[in-house]
Amino acid sequence: MTAVDIDIIREALLAGGVIPYLGPSLLALDARNEVVPTSPEALVKRLTAKASVPHKIRNNLSATAQFIENFKHRKTVVNLMTEAFSAPVQPTDLHRYLAELTQLPMIVDMWYDNAMESALKERGAWGQIQGLSQSEHFGHWTQAFRADGTKAEAAEVTGWATLLYKPQGSITPAANFLVSDTDYVEVITEIDIQTPIPAVVQQRRSGRSFLFLGCRFANQLERTFARQIIKRSSAKHWAVLPETPTKNELRFLTEQNIQRIDTRLADFVAALTETQMNDRQRRAVSI
């Protein structure tokens with residue numbers, strides 16, 4: 001990571017030219033958030049601790065959720081997911097930083113927690129769109145919610161200054177979760193023609209870059225969601241990826257023209273938010 005990288009990304013964020021794409025490990029920047037799963041691996045352990053599944057799928061989140069759904073009903077999956085993410089989480093410095101960027105048109109959040117939502121509650125002119133499971137909401141791909149958690153009409157979303165897009169759902173306000181094989185098969189079948197992706201998301205990504213934070217692209221599902229969400233956006237993107245990429249990840253980064261930033265996520269966030277954090281501290285001292 002260089003100072004030039006940080007300056008370019010920061011300036012583009014401030015101007016609304018970069019869309020943050022948040023993954024599960026972002027939560028782990030605050031140790032208090034370990035009360036909820038901060039990775040697919042941690043989540044599948046939570047599920048298998050509550051329900052017996054065959055050993056061969058115990059490390060596969062979507063397959064585990066599907067097995068539970070098949071043999072113990074969809075409501076059991078929803079209840080287990082709700083239990084896993086019910087503990088309060090703390091917005092990290094990055095969540096708070098992004099919430100203060102009033103020019104930011106959209107934030108994509110690929111995990112089930114509500115830390116980004118909590119950070120945004122301190123400001124106005126925002127709302128969220130969540131992906132819906134076809135098992136529970138057949139024929140409806142998404143649901144929009146106002147900042148107060150009430151359901152919003154489709155016509156309202158274009159007026160929001162910042163859109164929080166949660167493709168896999170969220171614990172709040174309505175415990176919507178895409179997590180089982182069936183959930184993903186329904187979406188993946190249609191995602192290449194963009195049917196599950198709201199028109200406002202397609203419009204706001206146009207011409208903009210993406211910044212991937214706390215994400216991996218290690219499996220086909222992660223790569224497919226990322227590829228389709230950034231489709232027809234800018235030709236230049238960044239990903240903070242300190243872990244050694246797999247061959248498939250390297251191929252994906254090259255294919256999508258995503259520049260890898262080889263630094264710890266905590267260090268990147270500290271550098272990105274340094275100016276704003278200093279300003280906030282100065283204001284606090286003056287008060």
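The values are calculated or read from the model by the stated rules, or taken from the named source; none is laboratory data. From a predicted model like this one, the values you see are computed outputs, not experimental measurements. All Cβ positions, even for glycine, are placed from backbone atoms using ideal geometry, and neighbour counts span all protein chains on display.
Under the condition of being closer than 17 Å to Gln259 by Cβ and at pLDDT 95 or above, which residue from the stretch 222-235 is surrounded by the fewest Cβ atoms within 10 Å (Cβ to Cβ)?
Looking at the filtered set, the residue picked out is Arg227.
Within the stretch 1-36, can you find the residues that are in contact (Cβ under 8 Å) with a residue 60 or more places away in the chain and part of a loop (DSSP other than H, G, I, E, B)?
Those that are in contact (Cβ under 8 Å) with a residue 60 or more places away in the chain and part of a loop (DSSP other than H, G, I, E, B): Met1, Ala15, Gly16, Gly17, Gly23, Asp30, Val36.
Within the stretch 197-211, can one find any residue that is at pLDDT 95 or above, basic (Lys, Arg), closer than 30 Å to Ile68 by Cα and touching a helix residue (DSSP H, G or I) at 6+ places or on another chain (Cβ under 8 Å)?
no
In the stretch 142-163, how many residues are within 17 Å of the chain's Cα centre (by Cα) and farther than 16 Å from Pro173 by Cα?
Matching residues across the stretch 142-163 total 1.
Please name all residue pairs, on different chains or six or more residues apart, with Cβ atoms under 8 Å, provided the first residue is in the stretch 72-91 and is in a helix (DSSP H, G or I) and the second residue is among the aliphatic types (A, V, I, L, M) and surrounded by fewer than 18 Cβ atoms within 10 Å (Cβ to Cβ).
Filtered contacts from the stretch 72-91: Lys72/Ala51; Thr76/Ala51; Val78/Ala175; Leu80/Ala51; Met81/Ala175; Thr82/Ala175.
Looking at the stretch 130-147, which of its residues are at negative phi and out of contact with any strand residue (DSSP E or B) (no Cβ under 9 Å at 6 or more places or on another chain)?
Gln134, Ser135, Phe138, His140, listed by residue number.
Out of curiosity, is Trp141 farther than 30 Å from Leu61 by Cα and not assigned by TED's automatic domain parsing to the domain that holds Val78?
So Trp141 does not fit the description; no.
Tell me the residue from Ile193, Ile197 that is free of Cβ contacts under 8 Å to residues at least 60 places away in the same chain and buried (at least 19 other Cβ atoms within 10 Å of the Cβ), please.
Step by step, each of Ile193, Ile197 is checked, and only Ile197 is free of Cβ contacts under 8 Å to residues at least 60 places away in the same chain and buried (at least 19 other Cβ atoms within 10 Å of the Cβ).
Within the stretch 239-257, can you find the residues that are assigned to a loop (DSSP other than H, G, I, E, B) and under 27 Å from Thr189 (Cβ atoms)?
Hits for the stretch 239-257 are Thr246, Gln256, Asn257.
Listed residues Lys56, Lys75; which is under 21 Å from Asn219 (Cα atoms), at pLDDT 95 or above and over 17 Å from the mean Cα position of the chain (by Cα)?
Residue meeting the stated conditions: Lys56.
Could you please find all residues in the stretch 82-117 being hydroxyl-bearing (Ser, Thr, Tyr), under 11 Å from Ser170 (Cα atoms) and surrounded by 23 or more Cβ atoms within 10 Å (Cβ to Cβ)?
If the condition is that a residue be hydroxyl-bearing (Ser, Thr, Tyr), under 11 Å from Ser170 (Cα atoms) and surrounded by 23 or more Cβ atoms within 10 Å (Cβ to Cβ), then Tyr112 is the only one that fits.
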